[in-house]
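Down below is the structure, laid out as structure tokens.
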Amino acid sequence: MFDPERLRQRREDIARRWRDLRGPVVVPSGLLVPIAGTDQFHDYHAHNEHYYLSGNDQPGSVVAYDPREGWTLFAPVASQEDRVWIGDSIDFETLRERSGIEQVRPIAALSGWLEQRRGEPLALLGNPDLVGNPGGYGLENWAALEVEVDDEVSHRLSEAISEARRTKDEGELALMRQAAAASREGHLAGLRLARPGMTERQLQVEIEVEFFRNGAARTAYGSIVGTGPNGAVLHFAPTNRPLQDGDIVLVDAGAEIGGYASDVTRTFPVAPRFDGFQRDLYQLVLNVQEQAIRDARPGKEYKELHLEASAGIAAGLADLGILRGRPADLVERDAHALFFPHGLGHMLGLATHDAGGCLAGRTPSDRFGLKWLRADLPLQPGYVVTIEPGIYFIRAILEDPAHREAFGEMVNWDRVDRLLDFGGIRIEDDILVTDGAAEVLSADIPKQIDEIEVLRQEAAAP
Ligand SMILES: [Mn+2]
């Protein structure tokens, strides 16, 4: 999965960031979580900090670090019963080769390793289930180990990993490009196969099957497929609602490969063409999105990008007669957030909303127009972020009497009332910030109106 040399460099970089550290560190991968009342488990996801440091994703593993001794990987050893039902664990020589960590030891040895460090403050990163379920890691009794977890140091070290994770190395970018390529195949299938009468759920299956055919290990997040009014629910889970002629369809879905996410949204008509208003609104969102991608340069504050996109949306909605007033005033009063309530995007990587989105010391604003902004930092070469403006007609926001009063004259409410079943439009790409223009990892997934209409007309042909 990863080049072991790169993993070694990554750990050296982290150790440098931890240079003041005196005590030991443990980074558990996490354990399988049973589904209550069954003999099954929830989907397992190795903790990203553990995976980032080791490339190992087996449950019940621990990466340990001691500034005096370096790195150790404690790995599970399958029991005979495990081997009968689940299969064997990965042998230690393979783990050594893959991770580049010389010290690979059975998880049963973790207890002794911790006992040797009795009384020293311990930094606990990764999955904290080590404390709640020590038995899962072969520890008999957490309290008896007399280990004290230092929360302040743990937090600081974790922040250092998040900072390191912002800049993607070539190995990570290769996986992100593969993930974006698999996402492309899925979105193309959706654009080609969506038909009146097909359900959201059926469309989801057609999209996801192409992700998996093209190498995805899983979807990076629960696919969002919302048709008609459902497109206005930001994280809508697909239902059996059939697609109807005249609806627009919002598909936010991405493949994950080697632990790395892609996160792409496309919106298109069920009919062979956008109708007049859909087209105006779509072109507005697209213009704002393309401008934000052009402006995503090193040093640019992500929050500025968000506010500029908000101004673009406010200006466009004023041109369309939905908002009233000067765009700058509308944004200052957060009127755009009635229609664009979420942030412009987020960091992307091992997680869909990747670590390190906010610079240390910056806290999210509680302003209506900023509270869901997930990234607040200056962009740097090597960062991967999403750019995903949208315009929605969300009843929960637009029917709220408090909003109707607060934004009274700024909104053409009669017009809004006729659009409450419109749904929403979002266009999302994954971009790599470089020294020059940003590279759009998801660039070849069609988003221009004419490209989409060509595909939709092919879909409608008998
Ligand atoms: Mn996203």
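Here, each number is a calculation from the coordinates, and none is a lab measurement. Given the structure is predicted, the values throughout are model-derived calculations rather than measurements. FYI the Cβ positions are ideal-geometry reconstructions off the backbone, even for glycines, and counts take in every protein chain you see.
Observations, loosely collected:
- Take the Cβ atoms of E152 and D414, set R0 to 56 Å, and the FRET efficiency comes out at 0.50.
- Ellipticity estimate at 222 nm from DSSP helix runs (n ≥ 4, -39,500 (n - 2.57)) divided over the chain, nearest 500: -11000 deg cm²/dmol
- Residues with amide H under 5 Å from that of R218, placed H, sequence gap 5 or more: E256
- Tensor-based shape of segment 170-460 (alpha-carbon gyration tensor, a/c under 1.5 rounded, otherwise prolate or oblate): oblate
- Evaluating 6.51 cos²θ - 1.76 cosθ + 1.60 at θ = phi - 60° for every residue in segment 358-365, the Karplus couplings come out as 10, 4, 3, x, 8, 10, x, 6 Hz, glycine and proline recorded as x.
- Anisotropy class of segment 210-293 from Cα gyration tensor, a/c 1.5 cut: oblate
- Working ranking of peptides 334-341, 266-273, 443-450 by packing, defined as the average number of other Cβ atoms within 10 Å per residue, highest first, is 334-341, 266-273, 443-450.
- The Cα center of segment 199-239 and the Cα center of segment 1-77 differ in position by 31 Å.
- Computed from point charges on the beta carbon alone (+1 for Lys and Arg, -1 for Asp and Glu), the dipole magnitude for segment 4-166 about its Cα centre is near 620 Debye.
- Label zone at A459 (point 7 Å along Cα-to-Cβ), backbone N below 18 Å, segment 192-223: 192-211, 223
- Principal-axis tilt of helix 200-213 within the chain, Cα atoms, nearest 10 degrees: 50 degrees
- Here the Karplus relation 6.51 cos²θ - 1.76 cosθ + 1.60, evaluated at θ = phi - 60°, turns the backbone of segment 440-446 into coupling constants of 8, 5, 9, 4, 8, 9, x Hz, with x for every Gly and Pro.
- Taking label points 7 Å from Cα along the Cα-to-Cβ direction, E115 and R201 give a separation of 5.4 nm.
- Rough spin-label spacing in nm, given labels placed 7 Å along Cα→Cβ, for Q448 and R404: 4.3 nm
- C-alpha long axis of helix 276-295 to longest principal axis of the chain, angle in °: 40 degrees
- Under 5 Å, built H, 5+ apart or other chain: amide partners of Q103: L73
- Mean Cβ neighbour count within 10 Å, used as a protection proxy, ranking 274-283, 420-429 highest first: 420-429, 274-283
- In the chain, the longest principal axis of the Cα atoms and the axis of helix 4-17 are about 90 degrees apart.
- Its relative contact order, with pairs defined as Cα atoms under 8 Å and 6+ residues apart, puts the chain at 14 percent.
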